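One structure below.
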Amino acid sequence: MDETDRIVLDTAERLFSECCDAELVNRAGDGEVPGALMKAVLESGLPLAWVAEEAGGVGGSLALGFNLIRQTGGFALPVPLAETLVANLLLGQAGLALGEGWTGLAYDGGSLPVAADGRVSGVVEGACGVVEAELLVVPVLRDGAVAIAGFEPEAVTARHYRNPAGEARTKLVFDEAVPLCLSAPLTAMSESGLYQFCALVRAAQIAGALDKIVALTVGYVKERQQFGRPLAKFQAIQHKVAEIAGEAALSGASVEQAVRLLSAHGQPFADDPALFRALATAKLLASEAAGPVAREAHQAHGAMGFSFEYPLQQYSRRVWSWREEFGSEFYWSSQLGMAVACGISSGATAKVWDFVSP
Amino acid sequence: MASIGFDFPAPQADASVDELRREVRSFLDEEARQGGFVPLADCWCAGIDPGFSRKLGARGWIGVTWPRRYGGRELSALHRYVITEELLAAGAPVHAHWIADRQSGPLILATASEAVKNTVLPEIAAGRCFVALGFSEPGAGSDLASVRTRAQRVAGGWTLSGTKLWSSGAQSCQYMTVLARTSERDPQQRHAGLTQFLVPLDSVGVSVSGIRDMSGVEHFNETHFEDVFVPDELVLGAVGDGWQQITNELALERSGPERFLSSFIVLEKVLQAHAGSMSPQQARVAGGIIARLRGLRAMSLGVAALLGQGRSPDVEAALVKDLGTRFEQDICERLREFGPLRMQQGDGDALQDLQVDSMLRAPSFTLRGGTNEILKGIIARGMGLR
C-alpha cells in the first residue's frame with residue numbers, strides 16, 4: 001500500500017464513523033434503507049477503488065480494496081460495498097462498461113449460469129447487493145470458460161431473503177434471460193480462482209468484524225464493575241480475552257498474508273496452487289474463529305451482549321453468516337486436505353512442509 | 001474504543017534468503033538419506049547431537065546474525081528464521097546448540113565483556129560451545145522473581161550457591177546463564193536485585209544430574225552450585241539488571257518457529273504414509289492443521305520482522321507462543337484420526353513410535369519458556385486489562 005491508499009482508507013474510516021452508527025445498522029437490519037449512508041459512500045468514489053483510473057476509478061491496489069473490505073466488516077456497514085467492489089472489478093477485467101450506482105454480484109460460489117446463443121440460464125441461490133443494484137454482474141459459463149454478463153435487475157426473476165445477520169440476499173433465476181452485455185470467455189479467470197477470491201473477501205470482512213468484537217469486549221470488561229472491581233481484573237476474564245485476541249490476530253495475519261500473495265501474483269482470479277493454499281487458509285481460519293470468538297465475547301458481555309440494542313450482535317451475527325458463505329471451515333479444510341493428499345501421492349509435491357512454507 | 005490492533009508485518013525477503021533455504025534443504029535431505037540423523041519429534045528439545053551441531057557450525061548456520069568479528073555472518077533475522085524452520089521441519093537433532101544460538105549468544109553479545117565475547121561467541125557459532133538456561137528452581141517456576149540462588153560479593157568476583165532445575169541439555173553444555181539474587185528481596189520491588197552470570201559448568205562446586213522425563217529422555221537437569229566462584233568478568237550486564245535482561249531474552253525465546261513446529265515432523269510422516277488412502281474425514285483433519293500452521297507461521301514471521309525493525313514485540317510474541325504451543329499439542333491429538341496409538345515407543349512401527357513420542361512430550365510444550373497462563377497475563381496487560 002502506498003500513500004494514496006492510506007489517504008483513501010483514512011477517508012473511508014472518517015466517512016463510516018460519521019455516517020454509520022450502531023443504531024443505523026440495527027434499523028437497516030429491520031429493513032429501513034440507509035439512504036444517506038448509501039449516497040455518501042457512492043459520492044466518495046469508494047466503490048470504484050478497484051476500477052482503473054482510465055475508466056474513471058481510483059486505480060487502487062488489491063491491498064487497498066481488501067483493507068477497505070476489512071474496514072467495512074469492522075463497521076457492520078449495511079451497504080453492499082464489498083460486493084460492488086468485486087462486481088466492478090469483474091466488469092473491468094471483462095472490458096465491460098461500469099454501472100452508474102450500486103452493482104449487485106450474482107455469484108455465491110455455486111454452479112455458474114450458462115450463456116449460449118446470447119441467452120443465460122441457471123440459478124444463483126445467494127446473490128448479494130441485488131436490492132440496491134442498478135446493474136447485476138453475473139459470472140457465467142460461456143464455451144466452457146468463465147465470462148461476465150451484465151443484467152438489468154428487472155430482467156431476472158428474484159426472490160429476496162435475509163441471512164442470519166439480516167443482510168439482503170437474493171435467489172435469482174435466469175430462464176433464457178437476455179443480458180445487457182456479455183463478455184468473451186476470459187482466459188485469465190478460472191472458476192476456482194473466482195471462488196477463492198470471493199472467499200478471501202468474506203475472510204477480510206470476518207477479520208474486520210472479529211477485531212471489532214475483541215475491541216467491544218475489551219471496552220466492556222474494563223467498564224463493567226462486579227464484586228467491586230472491573231471484570232477486566234478477574235484472571236478468568238483476562239485469559240478468555242487473551243484467547244479471542246489470539247484467534248482474531250491469527251485470522252487477520254492470514255488474510256494479510258493471502259492479500260500479499262495475491263498482490264504479488266498479478267492475476268487475482270488465476271487457478272494457482274500457491275494462491276489456493278493462501279486463500280483457503282484465510283477463509284478456513286476466519287470461519288473457524290467466528291464460532292469461539294463470538295461465543296466468548298458474548299459470555300464476557302453477559303445479558304447486555306444478548307440485547308438487540310447493544311452492537312455486539314451485529315458482529316456476531318455477521319461472522320456467523322459470513323463463515324458459511326463461499327465455503328465454511330469444513331469445506332476449505334476438506335479442499336486443502338485433499339490437495340495435500342493428491343500432491344503427495346502423485347509426487348507433484350515432495351513434502352507436506354511445501355504446503356506450509358514456500 | 002480500546003486499541004487492540006496487533007501488527008504482523010511482512011518480512012523483507014530477498015534472493016539470498018531463498019538461496020539459503022535451498023542450501024539448508026539439500027543438506028538436510030542428504031544427511032537424512034545417509035542416516036546422519038533420525039528425524040525426531042520435539043527435536044529442538046529432545047535431539048542432542050553435538051556432532052550434528054558442529055556440522056551446522058561448519059556451514060556457518062549458527063549465530064548468523066552476529067557480527068563477523070565474533071564468528072557471525074551479519075545476516076538478517078529472516079535468514080536465521082529460515083535455517084531454524086527448515087531444521088525443525090526435518091526433525092533434525094538441534095538441541096545442543098539451540099539455546100545458545102537463539103538467546104544466550106544474543107544475551108552475551110548485548111551484555112558481556114569484550115574478552116568474553118571474543119572467547120565464547122566464535123565457539124558457539126562453530127557449534128562447539130553450548131549454553132543451558134539457569135532460570136527455574138525447586139521453589140521458582142513461573143514466578144521467577146522468587147529465585148533463591150544467591151551470589152555474594154568476594155574479592156575479584158562472586159560466590160554462587162543454590163539449585164537450578166529443568167535446565168534442558170545442561171549435561172552437554174559448557175556454560176549456564178544463571179539468574180541469581182545479588183541483594184536482599186524487597187517485597188515492594190520484587191524484580192530488583194537480580195543479576196545474570198555466565199557460569200562455566202566445569203567450575204569447582206558445580207554438579208549436574210540428569211532428570212528423566214515422562215517420555216523416557218534424560219534431557220533436563222538439576223544443577224547444584226555450592227560456593228562456586230564466578231569472576232567479575234562473567235557477570236552479564238550490570239549488577240541488578242537481571243530482570244530486564246531476561247525480559248528481552250524471553251521475547252527472542254517466545255516467538256520462533258519452534259513454538260508451533262515441535263510436532264511438525266510427525267504430521268509430515270503421518271500424511272506421507274496416508275496420502276494415497278486418505279478418508280474425507282482424515283483430509284479435513286489434515287487441511288485444518290495445514291491452515292493453522294500457515295497462519296501461525298505468518299504471525300511468527302511478523303514478529304521476526306518486528307524484531308528486525310528493532311521493536312520489542314513482547315505481546316505479539318506471547319500471542320504466537322500461546323496459540324502455537326496449544327496447537328502443537330493439538331496436532332498430536334488430531335492425528336489420532338489416522339490410527340490408534342497402542343504401543344510404547346520401540347514396540348510399534350516407526351510411525352507409531354514417532355506419534356507416541358510426540359504425545360508423551362506434548363505436556364512440556366505449553367510449560368517451557370513461560371507457561372501459557374503467564375503468557376495470557378502478558379497479553380492481557382498489553383491490552384490494558386491489568
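Exposed loop sites, defined as GluC sites (Glu not before Pro) outside DSSP H, G, I, E and B with at most 15 other Cβ atoms within 10 Å, are absent from the longest region of chain A, namely A:135-308.
When chain B is treated as a GNM with alpha-carbon contacts under 10 Å, the residue of B:Q34, B:Q352, B:Q244 showing the greatest mean-square fluctuation is B:Q34.
If you wrap the range B:15-129 in the convex hull of its Cα atoms and look at it from every side, the mean projected area works out to 6.4 nm².
Can you compute the FRET efficiency between A:Y310 and B:S26 using 1/(1 + (r/R0)^6), with r the Cβ-Cβ distance and R0 = 56 Å? Round to the nearest 0.05. Don't skip to the end; give the middle numbers.
Values: r = 58 Å, r/R0 = 1.03.
The formula returns an efficiency of 0.45 here.
Pairs of alpha-carbon atoms within less than 8 angstrom and 6+ residues apart define the contacts here; what relative contact order does the range B:255-382 have, in percent?
On the way: 114 pairs, mean separation 45.4, N = 128.
Result for the range B:255-382 is 35 percent.
Between A:G104 and A:E134, A:L135, A:L136, A:V137, the built amide H atoms are under 5 Å apart, and every one of these is 5 or more places off in sequence or on another chain. With q set to 0.11, 0.16, 0.17, 0.27 Å⁻¹, the log10 of I(q)/I(0) for the range A:53-132, from the Debye formula over equal scatterers at the Cα positions, is -0.35, -0.72, -0.81, -1.42. Axis angle, to the nearest 10 degrees, between helix B:114-125 and the longest C-alpha principal axis of chain B: 20 degrees.
Note on the protein assembly as shown: the C-alpha convex hull projects to 33.8 nm² when averaged across all orientations. Give the angle, between 0 and 90 degrees and rounded to the nearest 10, that separates the Cα long axis of helix A:3-19 from the longest principal axis of the Cα atoms of chain A. Its long axis makes an angle of about 70 degrees.
Shown here is the pair-distance distribution of chain A: with all Cα-Cα distances grouped in 20 Å bins from zero up to the longest one, the shares run 29, 57, 13, 0 percent. Evaluated over the Cα positions of the range A:3-182, the convex hull gives a direction-averaged projected area, one quarter of its surface, of 10.0 nm².
Can you pull the semi-axes for the range B:68-167, root of five times each eigenvalue of the Cα gyration tensor, sorted largest first, whole Å? Kindly include the intermediate steps, with their values, before the conclusion.
Details: eigenvalues 161, 80, 24 Å².
For the range B:68-167, the semi-axes come out at 28, 20, 11 Å.
The mean sequence distance of close C-alpha pairs (under 8 Å, at least 6 residues apart), as a share of the length of the range B:133-244, puts its relative contact order at 30 percent. Given a cut-off of 23 Å, what percent of all Cα-Cα pairs of the range A:191-355 lie beyond it? Counting every Cα pair in the range A:191-355, those more than 23 Å apart make up 45 percent. Helix B:264-274 and the long axis of chain B differ in direction by around 10°, with both axes built from C-alpha atoms. Of the residues A:F269, A:A341, A:G208, the one whose Cα sits farthest toward the positive end of the charge dipole of the range A:191-355, with +1 on the Cβ of Lys and Arg and -1 on the Cβ of Asp and Glu, is A:G208. The loop-placed trypsin sites (Lys or Arg not before Pro) in the range B:1-72, going by DSSP, that have at most 15 neighbouring Cβ atoms within 10 Å of their Cβ come out as B:R59.
Roughly how many whole Å is it from the C-alpha centroid of the range A:230-260 to that of the range A:289-344? Between the Cα centres of the range A:230-260 and the range A:289-344 lies a distance of 14 Å.
If you take every residue apart from B:R311 with its C-beta less than 15 Å away from the C-beta of B:R311, what net charge results, scoring Lys and Arg +1 and Asp and Glu -1?
On the way: positive: B:R254; negative: B:D7, B:D314, B:E316.
So the surrounding residues net to -2.
Using only side-chain charges placed at the Cβ, +1 for Lys and Arg and -1 for Asp and Glu, the dipole size of the protein assembly as shown relative to its Cα centre rounds to 1720 debye.
Bridging of B:K321 to lysines at a Cα separation below 28 Å is possible for A:K212, A:K222, A:K233, A:K240, A:K283, A:K351, B:K164, B:K269, B:K376, once same-chain residues fewer than 8 apart are set aside. Entry note: the range A:1-99 has Rg to Rh equal to 0.97, where both radii use alpha-carbon atoms and Rh is the Kirkwood radius. Computed 3J(HN,Hα) for the range B:41-55, one whole-Hz value per residue from the Karplus formula 6.51 cos²θ - 1.76 cosθ + 1.60 where θ = phi - 60°, is 6, 6, 4, 7, 10, 9, x, 9, 8, x, x, 5, 4, 5, 4, glycine and proline marked x. Here the simple spin-label model places points 7 Å from the Cα toward Cβ, and for B:S312 and B:R185 these points are separated by 2.5 nm. The equivalent ellipsoid of the range A:300-358 has semi-axes of 41, 12, 8 Å, largest first, where each one is the square root of 5 times an eigenvalue of the Cα gyration tensor.
Tell me the relative contact order for the range B:15-129 as a rounded percent, counting alpha carbon contacts under 8 Å between residues six or more apart.
Values: 161 pairs, mean separation 40.9, N = 115.
It comes to 36 percent, rounded to a whole number.
Comparing A:S192, A:S17, A:S44 in a Gaussian network model of chain A where C-alpha atoms under 10 Å apart are linked, the largest mean-square fluctuation is found at A:S17. Working note: Debye formula, equal point scatterers on the alpha-carbon atoms of chain B, no solvent; log10 I(q)/I(0) at q = 0.06, 0.09, 0.11 Å⁻¹ is -0.23, -0.53, -0.80. Only helical runs count toward this figure. For chain A, summing -39,500 (n - 2.57) over DSSP H runs of n ≥ 4 and dividing by all residues gives -17500 deg cm²/dmol at 222 nm. Calculate how many DSSP beta bridges within the protein assembly as shown are antiparallel, expressed in % of all such bridges and rounded to the nearest 5. Rounded to the nearest five, the antiparallel share is 85 percent.
Neighbour counts of other Cβ atoms within 10 Å put B:V208, A:V120 in the fewest-to-most order B:V208, A:V120.
No value in this document is a laboratory result; all are computed from the given coordinates. What you are looking at is a predicted structure, and each value in this text was computed from that prediction instead of being measured. No Cβ is skipped: glycine too gets one built from the backbone with ideal geometry, and neighbour counts run over all protein chains shown.
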